[in-house]
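Quick notes on the structure that follows.
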Amino acid sequence: MNKAQRITALERALAAIEVAIARVEAALPAGGDTSDVKRLNAQLATLKASASNIGVQLANLRAAEAAITPLADAARSA
C-alpha cells in the first residue's frame, strides 16, 4: 500500500469513527441505568482515542509527503 492509499484508508477510518462517536453521543442522554451510561462513556473514550491516534497518523503521513524528496530527484539536482 502506497502513502496515498494509506492516507485514503485512514481518512475513511476516521470518518467511520466520527459517525460512531456521533451515535454514541446521541445515545448518552437516553442511556438507561448507570451501567449503560458507563458503557457508553467507555465506548466514547475508546472511539475518541482512536480518532486522535488516526489523526496523528494522518498528520505524520501528510507531513512526510511534503518533506520527502524521492532519491532519483535528489540525485539529479546534486
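No lab work stands behind these numbers, since they all come straight from the coordinates. Since the structure is predicted, the reported quantities are computational estimates derived from the model, not experimental observations. FYI the Cβ positions are ideal-geometry reconstructions off the backbone, even for glycines, and counts take in every protein chain you see.
With each label modelled as a point 7 angstrom along the Cα→C-beta vector, the A64-Q5 pair spans 1.5 nm. For the stretch 1-66, a/c is not less than 1.5, where a ≥ b ≥ c are the root eigenvalues of the C-alpha gyration tensor, and a/b tops b/c. That puts it in the prolate class.
The simple Förster model, with R0 at 22 Å and r as the Cβ-Cβ distance, assigns A26 and A49 a FRET efficiency of 0.70.
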